[in-house]
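Below is one structure, written out as structure tokens; the observations come after it.
The values are calculated or read from the model by the stated rules, or taken from the named source; none is laboratory data. Predicted, not measured: the structure shown is a model, and the values here were computed from it. We place every Cβ from the backbone using ideal geometry, glycine too, and count neighbours over all the protein chains shown. Ligands, DNA and RNA are excluded from the accessible area calculation, which covers all protein heavy atoms including side chains. Shrake-Rupley method; radii C 1.70, N 1.55, O 1.52, S 1.80 Å.
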2 protein chains.
Amino acid sequence: MIIDCHGHYTTAPRALEIFRERQLASPDDPISDPSIDDEELRRSVEGAQLKLQKERGTDRTIFSPRASSMAHHLGNAATSRRWAQVCNDLIHRVCQIYPDNFVGVCQLPQSPGISPANCVAELERCVTELGFIGCNLNPDPSGGYWTDPPLTDRWWYPLYEKMEELKVPAMIHVSSSCNPNFHATGAHYLNADTTAFMQLLTSELFRDFPTLKFVLPHGGGAVPYHWGRYRGLAQDMKRPPLAELLLNNVYFDTCVYHLAGIELLTKVIPVGNILFASEMVGAVRGIDPETGHHFDDTKRYIDALTWLSDEDRKNIFEDNARKVYPRMD
Amino acid sequence: MIIDCHGHYTTAPRALEIFRERQLASPDDPISDPSIDDEELRRSVEGAQLKLQKERGTDRTIFSPRASSMAHHLGNAATSRRWAQVCNDLIHRVCQIYPDNFVGVCQLPQSPGISPANCVAELERCVTELGFIGCNLNPDPSGGYWTDPPLTDRWWYPLYEKMEELKVPAMIHVSSSCNPNFHATGAHYLNADTTAFMQLLTSELFRDFPTLKFVLPHGGGAVPYHWGRYRGLAQDMKRPPLAELLLNNVYFDTCVYHLAGIELLTKVIPVGNILFASEMVGAVRGIDPETGHHFDDTKRYIDALTWLSDEDRKNIFEDNARKVYPRMD
């Protein structure tokens, strides 16, 4: 089986967007849930994620609400809660219609300056009532101004306690940027992955939470390309080697959209820490004129690597995901 | 000749630091220049940058004040101006003592919220009076909150006009971070490189300034590792191919501290856009236990690449630097 650990519902029916627009326009008014029937849900994925699964030969997507639409910097704690619930409920319905193809990961009701303890109830609801297997954790709810504490601060501990208890990992994933310096998918996303890794490298977080697991999306931002820099920084700081310090808890996905990048990733990061992912339908939708295939058809790059054993491939495509997301089974 | 395009004066005598401490403690009082004699300057580089040049077989370093000490977020426009002058004067003295080994690049007197037009006089002084050949441009004078406009905004144009007139490039290089989310050398530096590239990708800056040249340090942050993503994003946005859009103006240094990273860099970025650099003595000072050599001895990685021709090597080690920094000759 081939499990894609990183897919967002980027093709949700327009009614979801209209709900959000109305909600943000009148944050204090009650607004009815978006009315979307099952047929619309089917149509929204059958020509997109499901079609691409079939074409590319993948089987199951770990599926979450659209990352750029989380926009935790908009509205307030109450609008964020309702917005997370509505988005997560929709993911749940898609997963119920296609239980073999999709398994849910939830959006959290974060807001800048609001304690992550506020996310615990929605995480618990999604995991225990909706059967979700993880969450997306936004390390910068301000949307590009980075005003909340680092992920390693005790500020985040109530959420981590619940994650450990429920045995669910988080993908560390920012949302859209309201800072004109940061293009969302071309800068803010990758910067957040890099930033989170360095926060973890300089902390004792995994001493406090030995079973907590994080997935760094987009191939870990700049981290594998600068693996020597990180090994050297850790050594200069008298930290343990990275494998010992972080690699029982931190995993990298394969959303890197060219062969040379995937080659690097699999050369420097141990195979046991790499999870197959494509983020389709996502940030890059076109066909690479150099290969004739979609940039985000990342399975092709992994298939092209000559140095992986069959066991390595099974780890990257399936077994590592089952290890990081134990509730999948 | 082997030219290292990225070296900071990280070993300046302690008197410089004391000057800065006094300056920031009493920003409105007149403070005399730090008293440092030539013997102290010699000692500060002979056991460090000069020794490493000899050991590693490099010849000349494009030398600038310590990046992390620029700290444009501290003090005010007046303290930033004086601090830049003092730091640049010291670089000039080192370059006069060792004219074969060092050539100067200046720190700019930036301050958050202050027009970059304020930097023009110091740039002109350094280039026309001190013989400097470039500048370091901080894309985030706020030190990690990114409150100034993107580099592609007309806000920065007065500086770019002077750079074009003087025929000097800028290395885009942030300073220290006062945002607890961002470790300076492990996150903020790389994020800034990535951020700047995406700003340039989405702009028409080089239509307005066709001869403006930028060097992205630290191997371009996350950019080469995600070269497929950037090619795909540009294509989705109907932008020209990256080579046409950016590669007449944007260059990458080789401050990537492991062989696999340098391999990637030289596979995806055209040789004509790569400038040798090590940033010694800099962010990572230790010896890599996997190789027995300094992490930042980047010449070894380039020497190890089998696919480069002699001409490629000469471009990376020397000719590209002469092209980007035409005032060197």
For this session: Determine the pairs where a residue that is of a type in the set (Asp, Glu), located within segment A:74-101, has a partner that is modelled with pLDDT under 95 with Cβ atoms under 9 Å apart, the partner being 6 or more residues away or on another chain.
Result: A:ASP89/A:ASP33
Problem set entry | Any chance A:GLU55 is acidic (Asp, Glu), assigned to a helix (DSSP H, G or I) and in contact with a Leu (Cβ under 7 Å, 6 or more places away or on another chain) | no
For this session: For segment B:228-240, enumerate the residues that are at negative phi and surrounded by fewer than 19 Cβ atoms within 10 Å (Cβ to Cβ).
Result: B:ASP236, B:MET237, B:ARG239, B:PRO240
Exercise. Could you count how many residues in segment A:228-240 are without any contact (Cβ under 8 Å) to a residue 12 or more places away in the chain and part of a helix (DSSP H, G or I)?
Worked result: 6
Exercise. Within segment B:261-284, which residues are away from chain A (no Cβ under 12 Å), free of Cβ contacts under 8 Å to residues at least 60 places away in the same chain and either touching a Lys or Arg at 6+ places or on another chain (Cβ under 8 Å) or not hydrophobic (A, V, I, L, M, F, W, C) (or both)?
Worked result: B:PRO270, B:GLY272, B:ASN273
For this session: For segment B:259-311, name all the residues that are closer than 20 Å to B:HIS188 by Cα and either in a strand (DSSP E or B) or charged (D, E, K, R) (or both).
Result: B:GLU279, B:ARG285, B:ASP296
For this session: For residues that are within 30 Å of B:ASP310 (Cβ to Cβ) and charged (D, E, K, R), scanning just segment B:1-58, find the one that is most open to solvent (accessible area, probe 1.4 Å).
Result: B:LYS54
Exercise. Among all residue pairs at least 6 apart or on different chains, which show Cβ distances below 6 Å where the first residue, located in segment B:181-210, is at pLDDT 95 or above and the second is part of a helix (DSSP H, G or I) and open to solvent by 10 Å² or more (accessible area, probe 1.4 Å)?
Worked result: B:ALA184/B:SER68; B:PHE209/B:GLU164
For this session: Any residue in segment B:41-59 that's under 11 Å from B:VAL94 (Cα atoms) and of a type outside the set (D, E, K, R): show its pairings with residues that are open to solvent by less than 50 Å² (accessible area, probe 1.4 Å) and part of a helix (DSSP H, G or I) at Cβ separation under 6 Å, as long as the two are six or more apart or on different chains.
Result: B:LEU41/B:VAL94
Seminar exercise, completed: Taking segment A:69-90 and keeping residues closer than 26 Å to A:ILE2 by Cα and open to solvent by 40 Å² or more (accessible area, probe 1.4 Å) leaves A:ASP89
For this session: Sort out which residues of segment B:1-35 are within 23 Å of B:GLU279 (Cβ to Cβ) and either among the hydroxyl-bearing types (Ser, Thr, Tyr) or out of contact with any strand residue (DSSP E or B) (no Cβ under 6 Å at 6 or more places or on another chain) (or both), and write them in order of number.
Result: B:MET1, B:ILE2, B:TYR9, B:THR10, B:THR11, B:ALA12, B:PRO13, B:ARG14, B:LEU16, B:GLU17, B:ARG20
Exercise. Would you say A:VAL256 is closer than 18 Å to A:LEU308 by Cα, within 7 Å of chain B (Cβ to nearest Cβ), open to solvent by less than 10 Å² (accessible area, probe 1.4 Å) and in a loop (DSSP other than H, G, I, E, B)?
Worked result: yes
Problem set entry | Check on A:GLY232, under 21 Å from the mean Cα position of the chain (by Cα) and facing chain B (nearest Cβ under 7 Å) | no
Problem set entry | So A:ALA243, is it free of Cβ contacts under 8 Å to residues at least 60 places away in the same chain, surrounded by fewer than 21 Cβ atoms within 10 Å (Cβ to Cβ) and at the interface with another protein chain (Cβ under 8 Å from one of its Cβ atoms) | no
For this session: State all residues of segment A:275-294 that are under 19 Å from the mean Cα position of the chain (by Cα) and crowded, with 16+ Cβ neighbours inside 10 Å; if no residue qualifies, say none.
Result: A:LEU275, A:PHE276, A:ALA277, A:SER278, A:GLU279, A:MET280, A:VAL281, A:GLY282, A:ALA283, A:VAL284
For this session: Kindly check whether there is at least one residue in segment A:181-194 that is surrounded by fewer than 22 Cβ atoms within 10 Å (Cβ to Cβ), farther than 18 Å from A:ALA283 by Cβ and not polar (S, T, N, Q).
Result: no
Problem set entry | Given (1) open to solvent by 40 Å² or more (accessible area, probe 1.4 Å); (2) among the hydroxyl-bearing types (Ser, Thr, Tyr); (3) free of Cβ contacts under 8 Å to residues at least 40 places away in the same chain, number of the condition B:SER115 does not satisfy | (3)
Exercise. Of all residues in segment A:200-227, how many are outside any loop (DSSP other than H, G, I, E, B) and open to solvent by 10 Å² or more (accessible area, probe 1.4 Å)?
Worked result: 4
For this session: Look at segment A:285-300 and say how many of its residues are more than 9 Å from chain B (Cβ to nearest Cβ) and in contact with a Ser or Thr (Cβ under 9 Å, 6 or more places away or on another chain).
Result: 4
Exercise. Restricting the search to segment A:261-274, which residues are in contact with an Asp or Glu (Cβ under 9 Å, 6 or more places away or on another chain), open to solvent by less than 20 Å² (accessible area, probe 1.4 Å) and more than 30 Å from A:GLY47 (Cα to Cα)?
Worked result: A:LEU264, A:THR266
Problem set entry | Residue in segment B:126-146 that is part of a loop (DSSP other than H, G, I, E, B), of a type in the set (A, V, I, L, M, F, W, C), away from chain A (no Cβ under 14 Å) and surrounded by 18 or more Cβ atoms within 10 Å (Cβ to Cβ) present | yes
Problem set entry | Single residue of segment A:165-220 satisfying the filter (among the β-branched types (Val, Ile, Thr) and more than 9 Å from every other protein chain (Cβ to nearest Cβ)) that is farthest from B:HIS183 (Cα to Cα) | A:VAL168
For this session: Those residues that are part of a helix (DSSP H, G or I) and either touching a helix residue (DSSP H, G or I) at 6+ places or on another chain (Cβ under 6 Å) or among the small types (Gly, Ala, Ser) (or both), I need them from segment A:63-85; list them, please.
Result: A:ALA67, A:SER68, A:SER69, A:ALA77, A:ALA78, A:THR79, A:SER80, A:ALA84
Exercise. Which of the residues that make up segment A:190-225 are among the polar types (S, T, N, Q) and under 16 Å from the mean Cα position of the chain (by Cα)?
Worked result: A:ASN191, A:THR194, A:THR195
Seminar exercise, completed: Of (1) touching a residue at least 40 places away in the same chain (Cβ under 8 Å); (2) away from chain B (no Cβ under 14 Å), A:THR152 fails just (2)
For this session: Filter segment A:2-47 for residues that are among the small types (Gly, Ala, Ser) and not in a strand (DSSP E or B) and give the result.
Result: A:ALA12, A:ALA15, A:ALA25, A:SER26, A:SER32, A:SER35, A:SER44, A:GLY47
